[in-house]
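Worksheet: the structure to be examined is printed underneath.
The values are calculated or read from the model by the stated rules, or taken from the named source; none is laboratory data. Since the structure is predicted, the reported quantities are computational estimates derived from the model, not experimental observations. Note: ideal-geometry Cβ built from the backbone for every residue, glycine included; neighbour counts use all protein chains shown.
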């Protein structure tokens, strides 16, 4: 996919679900405040905001800031906006651009929701064999997540050009979107796994990943 905007994909900060080792993947549970950021996650979000402020530099337009509607991603996005710099933060808030983007929501892990995040490794192994496999047997497949995530990019490409866009999302939604854009295929999406508040840049201003991890581990998906 050819991109005319620069996209900064940011994984949310460490969440209370991460601390509990729990899968919280449905919209109903994910929007609850009780599964928001931990104190560590808030520190990570501020640090990501500082990193993004440096990478964005001085731009005539404030960046678009969109986030998954889950509490952990919305909180991360707001803390990033606070660190972007006074002028940018005011512009973003005034233009109502720090808003939920349902296409970025967490991958639904079906029957595994509410269980241990130790289940992720087996699910990712199945992803590598079949991108139509539904996580947890009843959740979302890699192909389904790719369709909704890339639909957001296509809409943003239609609406803007030459814009910086910050997308705050989840481990699987980010890695699947990156694989859809960069290749080598959706089955290998875990090569783009990010640590909490890791940043992956796509598009003409792309500078590669920051905070990317090479080997999958239980924590990064939620």
Enumeration of residues in the stretch 133-146 that are within 18 Å of residue 192 (Cα to Cα) and either assigned to a loop (DSSP other than H, G, I, E, B) or within 15 Å of the chain's Cα centre (by Cα) (or both): 141, 142, 145, 146
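Residues to consider are 155, 148; find the one that is surrounded by fewer than 24 Cβ atoms within 10 Å (Cβ to Cβ), without any contact (Cβ under 8 Å) to a residue 24 or more places away in the chain and within 18 Å of residue 99 (Cβ to Cβ). First the steps, then the outcome.
Numbers: 148 fails: without any contact (Cβ under 8 Å) to a residue 24 or more places away in the chain.
None of the other options fit; the residue is 155.
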Could you list all residues from the stretch 115-132 that are crowded, with 19+ Cβ neighbours inside 10 Å and not in a helix (DSSP H, G or I)? 131
Checking residue 183 against (1) under 28 Å from residue 57 (Cα atoms); (2) more than 17 Å from the chain's Cα centre (by Cα): exactly one of these is not met. Which one? (1)
Does the stretch 82-101 contain at least one residue that is part of a loop (DSSP other than H, G, I, E, B), within 23 Å of residue 151 (Cα to Cα) and without any contact (Cβ under 8 Å) to a residue 24 or more places away in the chain? yes
Taking the stretch 1-13 on its own, how many of its residues are out of contact with any helix residue (DSSP H, G or I) (no Cβ under 7 Å at 6 or more places or on another chain) and either closer than 15 Å to residue 116 by Cα or surrounded by fewer than 18 Cβ atoms within 10 Å (Cβ to Cβ) (or both)? 1
Leading residue by the ranking (surrounded by the most Cβ atoms within 10 Å (Cβ to Cβ)) among those in the stretch 94-114 that are within 20 Å of the chain's Cα centre (by Cα) and modelled with pLDDT under 70: 98
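Just for the stretch 28-39: of the residues that are surrounded by fewer than 24 Cβ atoms within 10 Å (Cβ to Cβ) and in contact with a helix residue (DSSP H, G or I) (Cβ under 8 Å, 6 or more places away or on another chain), which one is farthest from residue 111 (Cα to Cα)?
Going through the qualifying residues, I end up with 38.
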Within the stretch 148-156, can one find any residue that is out of contact with any strand residue (DSSP E or B) (no Cβ under 7 Å at 6 or more places or on another chain), under 30 Å from residue 20 (Cα atoms) and at pLDDT 95 or above? yes
Restricted to the stretch 45-76 and to residues being out of contact with any helix residue (DSSP H, G or I) (no Cβ under 8 Å at 6 or more places or on another chain) and crowded, with 17+ Cβ neighbours inside 10 Å, the residue nearest to residue 161 (Cα to Cα) is 51
A careful count of residues in the stretch 185-222 that are loosely packed, with under 15 Cβ neighbours inside 10 Å and either touching a strand residue (DSSP E or B) at 6+ places or on another chain (Cβ under 9 Å) or at pLDDT below 90 (or both) gives 6
Subset of the stretch 14-49, residues in a loop (DSSP other than H, G, I, E, B) and closer than 21 Å to residue 116 by Cβ, comes to 14, 21, 23, 24, 25, 26, 32, 36, 38
